[in-house]
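Structure record follows, encoded as structure tokens.
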Amino acid sequence: MATPVQKDNVGAMQEERIALLLAKQMMEEIQSKAYEDPNQTPVLFGLEPGENAPRINFDDIDDYNDWDENPPQYPDGTILNGENETPNYQDFRRQVIVKNVDDSNYSVIRDNGTTSSKRIRVTVSSINDPKPFDDIVITWVANREGMGLLYK
């Protein structure tokens, strides 16, 4: 009787590891982008005119604000649903929220463009009920000097 429970636990642990991988992958992608759009004056928050999905078109951190995908996708828009030799991540949802935050208190949200700090939060969750794992949330703060792990 204990074997099915162990299999359930192993499955949940495997899904949690996949969720962590998806969260880290998205954060690394965001880290590779410029702090703000290098071609836009004045600087706008979010997608600039002419920019849209897929994410391969995103060129700065705040382009990712309000990104929400289920199932997750590669940057080129390929859906990770188990088709065409892609991994099957249909049960995962990946979301990104980017906020301008106070330069000395990252929990205080400020108007866009009024600070030199942006807080990036990537959340990966299961769409299943009951959820096999708690949401994976990674939060970073970016500023013009670089990025650092805020908390996980």
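Points worth noting:
- Average Cα contact separation per residue, the stretch 2-151, under 8 Å, 6 or more apart, as relative contact order %: 20 percent
- Where Cα atoms sit under 17 Å apart: lysine pairs in the stretch 2-151 separated by 8 or more or lying on different chains: 5
- According to the calculation over all Cα-Cα pairs in the chain, the P(r) per 10 Å bin from zero is 11, 37, 31, 15, 5, 1, 0 %.
- Per-residue Cβ neighbour rank within 10 angstrom, fewest leading, Val124, Val108: Val108, Val124
- Helical mean residue ellipticity (222 nm; -39500 (n - 2.57) per DSSP H run of 4+; nearest 500) of the chain: -7000 deg cm²/dmol
- Angle of helix 2-31 to the longest C-alpha principal axis of the chain, folded into 0 to 90 degrees and rounded to 10: 20°.
- Per residue, the Cα convex hull of the stretch 54-118 amounts to 88 Å³.
Every number here is computed from the coordinates shown, using simple stated rules; none is lab data. Worth saying up front: this structure is predicted, and the values here are computed from it rather than measured. A quick note on method: Cβ atoms are made from the backbone with ideal geometry, for glycine too, and the neighbour counts reach across all protein chains shown.
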